[in-house]
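The values are calculated or read from the model by the stated rules, or taken from the named source; none is laboratory data. Because the structure is a prediction, the values reported are computed rather than measured. Here the Cβ is made from the backbone with ideal geometry for all residues, glycine too, and neighbour counts use every protein chain on show. Protein only, heavy atoms only, side chains kept; ligands, DNA and RNA dropped before computing areas. Shrake-Rupley method; radii C 1.70, N 1.55, O 1.52, S 1.80 Å.
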2 protein chains.
Amino acid sequence: MATEGDSELRKRVTEPDEKPEQIVPSSEIDSDDDRLPEQSIEQRTKEIPQGTDQEPSFLHTLLSPLPPRWRNWVIRGIFTWLMIGLFCLIIYIGPLALIFTTLLVQVWCFKEIINIGYSVYRMHGLPWFRSLSWWFSITSNYFFYGESVADYFSVISSKSDIMRWLIAYHRFTSFTMYIIGFVWFVLSLKKKYYMRQFSLFAWTHVALLIVVSQSYFIIFNIFHGMIWFIVPVSMIVINDVMAYMFGFFLGKTPLIQLSPKKTWEGFIGGGISTILLGMILSYVLCQYPYFVCPMEYSEAEDALKYACDASPIFRPQEYSLPETLANFSALLGWRKTVTMYPFVFHSVALSLFSSVIGPFGGFFASGFKRAFKIKDFGDVIPGHGGMMDRFDCQYLMATFVTVYINTFISETSPQKLLQKVYMLKPEQQLQLYNMLQDSLIARGILQP
Amino acid sequence: MATEGDSELRKRVTEPDEKPEQIVPSSEIDSDDDRLPEQSIEQRTKEIPQGTDQEPSFLHTLLSPLPPRWRNWVIRGIFTWLMIGLFCLIIYIGPLALIFTTLLVQVWCFKEIINIGYSVYRMHGLPWFRSLSWWFSITSNYFFYGESVADYFSVISSKSDIMRWLIAYHRFTSFTMYIIGFVWFVLSLKKKYYMRQFSLFAWTHVALLIVVSQSYFIIFNIFHGMIWFIVPVSMIVINDVMAYMFGFFLGKTPLIQLSPKKTWEGFIGGGISTILLGMILSYVLCQYPYFVCPMEYSEAEDALKYACDASPIFRPQEYSLPETLANFSALLGWRKTVTMYPFVFHSVALSLFSSVIGPFGGFFASGFKRAFKIKDFGDVIPGHGGMMDRFDCQYLMATFVTVYINTFISETSPQKLLQKVYMLKPEQQLQLYNMLQDSLIARGILQP
């Protein structure tokens, strides 16, 4: 197991965010294991995905006159805008595209984490490891996505017999799938590999815990209205970009040992920008039903509905200004109140989380990369590294938003509860009806 | 990371179930890490809890004339009966005692797993590791137990303001606690320890996933009636004991490489015994409301209720015998039908799981012990080893029972749903009432 000991990188791995052009020379990396003499250290280090700084070749030619620091800045910038554009396009297509994208990103992130595990433990010739990881991934995705579908699409899904069966036996099927994986794992145990197999079993489970549960929460948020997805994701991006900008131009005071290039200037500048830009973005989005309406299936139109009576937090409300400010406002002939969407105030809570706690997701990922001596999780996005490098800060955010909605926003609606009542047998529905009637009359809410 | 390589135990670790008197000589265990010369191999191996075969001293004197194989058999037997007695006592005291015991066992198991992790990774001087593990354990227990309380005791708990607040903000509090742990972990990262810290982070999370979620499921089962706890737990014990007996007296054909002393004879004998004894036990327990009634709080008596209209699966039903058997029965002057509790048939499904899949929990634990070169998880129960050694097969079982109840048994009752309706605002309750009325009339269930 972990025998890192004093084999810490002698030469510090450079922070991928800042100088990705400098790859750690593999000869500088100490080996953990001296018992595989047939493999040179270089060979083994190469197996761990290091994230190349690949540049599309036309860009390379175009940018070659620039000094490396600027060249990377430009590439990173281009791909930042490309990603933002893609993000907007997906939002334009609609929530289902968003959910599908979430699934893709999640699978990709899982792949990156598993690849690292695979290389770190040098599992060559180990039977079944990859298949098992994917089996567990399919199982947990089936379970989590199925739960969402059962919750939100009971109307559509109860139309076909197969779907009804799948929903009725959803948990049983998922559990059976897990048990198959579990038994398979136990049967695949091989004497020489016990410890690595158990370590990778843990690795797979933690990766799934992080990746799949998060994507489940993201979908939960999208179901409550796309604004609950777009605002938090944008906040993390804004915070990332603004912290990078502030750090790049003003950064002086180091923030944390783990990410030596992160500065207090970037942290604070990023935080303030996130709150302000987050409020503006929220204010804009609040005006469109497309963004604020929860995802609902309209039986009449047999399609997703993009219109609704907006929940009160998306309806403009009058707030009276504090005393002194109100007097000052009156002096200028302005109103003593301000009209605002309550959601804009909620957005401040989200901003605070995304700029104070969000970066810890990044620090965690940094530490992880240090621990396993990798530079990036992958190289799928030029200038940015792997998918996980870009989404590391997003992960805690989705959970926060879900918990936030659950605690402060979401209320059980009579409609939703009625759906559950309809699941009862007719005589039970009647029984509930009578009990409710008695109780309402007893409490004087209903006239007998 | 895992540098087990060819350092597999040269001398096989003996199966704890069969010959626990033979401790692996620590000098036989290869070292994983040659970079800690100041510690001898013996010293380090000693740190991993090996599970002593401690015998209470009076027993030692009493049993010294016996050959070791028999001595251990007797000690194991005595403590098996002691545990069964304790188990019955706790059931006699009631479900709350059972829930409390579950919590204790779970905390103990977590402690055992964490201790092993602590020793395996030799985290001496590593800041905060133990505190962090316990913090995560408290967090997840708070979360899971709180969810149960919120679900099942909403009546009691809504009586006090503090409880109401705790329930309203339950998920938010739990998440905040988790975030504190997460940030604390990131801040505790220390350069020389990165890899071990991340490995132990994973270790803690997997341990919690296994231990806490299971205990949550166990509580869920108890809430549905103690029979859902007693029968499955007994089945595992019966299967364990009977497989051991069959193996001890008849065992010839080895079953699986991982547990060399497990035999096909034990496996099959155990399975058949479990089905038969499980049916008998179920038949007996079905007759007592104390065992079959779900846990409910009676507002009138301000106490737990132990009486109920038993669910149909606990009410005797007539089943007609198959043709040939019926004819034979008629020939003997017997009835052509048989009266049985449907639960007895359900018990066969539980038996099958506990005797076919249950042992894989044990194989998993065996493999884990091999991987980390420990004999037992601890030494808290003489003749049996640690708490985890005794409960390893129980773990999958609780999940199976929960899923089983969820899929095949539990139906939303009108009463339960009405509880949720009462959580709505009065005007919403009225709205739901009217909508339900319209729907019932439209479907001809209610006369206008």
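Structure values in brief
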quantity	calculated
Every residue from the range B:334-352 that is open to solvent by 20 Å² or more (accessible area, probe 1.4 Å) and touching a residue at least 12 places away in the same chain (Cβ under 8 Å)	B:K336, B:T337, B:V338, B:T339, B:M340, B:Y341, B:H346, B:V348, B:A349, B:L352
Qualifying residue in the range A:364-382 (condition: within 14 Å of chain B (Cβ to nearest Cβ), of a type in the set (S, T, Y) and touching a residue at least 60 places away in the same chain (Cβ under 8 Å))	yes
Residue within the range A:111-125 that is in a loop (DSSP other than H, G, I, E, B), touching a Phe, Trp or Tyr at 6+ places or on another chain (Cβ under 9 Å), open to solvent by less than 40 Å² (accessible area, probe 1.4 Å) and not hydroxyl-bearing (S, T, Y) present	yes
Cβ-Cβ under 8 Å pairs, at least 6 apart or on other chains, the range A:201-224 side within 14 Å of chain B (Cβ to nearest Cβ), far side open to solvent by 10 Å² or more (accessible area, probe 1.4 Å) and among the charged types (D, E, K, R)	none
Condition met for B:S320 (over 30 Å from B:G367 (Cα atoms), exposed (fewer than 15 other Cβ atoms within 10 Å of the Cβ), in contact with a Ser or Thr (Cβ under 7 Å, 6 or more places away or on another chain) and at pLDDT below 90)	yes
Looking only at the range B:254-279, and only at residues there that are among the polar types (S, T, N, Q) and over 20 Å from A:K191 (Cβ atoms), the one that is surrounded by the most Cβ atoms within 10 Å (Cβ to Cβ)	B:T274
Every pair of residues 6+ apart whose Cβ atoms lie under 7 Å, when the first sits in the range B:163-182 and is at the interface with chain A (Cβ under 9 Å from one of its Cβ atoms) while the second is open to solvent by less than 60 Å² (accessible area, probe 1.4 Å) and of a type in the set (S, T, Y)	B:Y169/A:T407; B:R171/A:T407; B:F172/A:T407; B:S174/B:T139; B:F175/A:T399; B:Y178/B:T139
Helices (runs of 4 or more DSSP H) completely within the range A:221-337 that count 3 or more residues being closer than 26 Å to A:R370 by Cα	A:227-250, A:264-285
Neighbours by Cβ (under 7 Å, 6+ apart or cross-chain): first from the range A:65-80, in the same structural domain as A:M242 (by TED's automatic domain parsing); second at pLDDT 75 or above and in a helix (DSSP H, G or I)	A:L66/A:V74; A:T80/A:V241
Among the candidates A:F291, A:F246, residue that is open to solvent by 60 Å² or more (accessible area, probe 1.4 Å) and assigned by TED's automatic domain parsing to the domain that holds A:A150	A:F246
Flag for B:Q419 being facing chain A (nearest Cβ under 7 Å) and surrounded by fewer than 20 Cβ atoms within 10 Å (Cβ to Cβ)	no
Residue check for A:S347: more than 9 Å from chain B (Cβ to nearest Cβ) and modelled with pLDDT of 90 or more	yes
Failed condition for A:T412, given (1) more than 30 Å from B:T176 (Cα to Cα); (2) among the β-branched types (V, I, T); (3) open to solvent by 50 Å² or more (accessible area, probe 1.4 Å); (4) facing chain B (nearest Cβ under 7 Å)	(1)
Hits in the range B:176-200 (condition: assigned to a helix (DSSP H, G or I) and open to solvent by 20 Å² or more (accessible area, probe 1.4 Å))	B:T176, B:M177, B:Y178, B:I180, B:V183, B:W184, B:L187, B:K191, B:K192, B:Y193
Condition check for B:A442: among the small types (G, A, S) and either open to solvent by 20 Å² or more (accessible area, probe 1.4 Å) or more than 8 Å from every other protein chain (Cβ to nearest Cβ) (or both)	yes
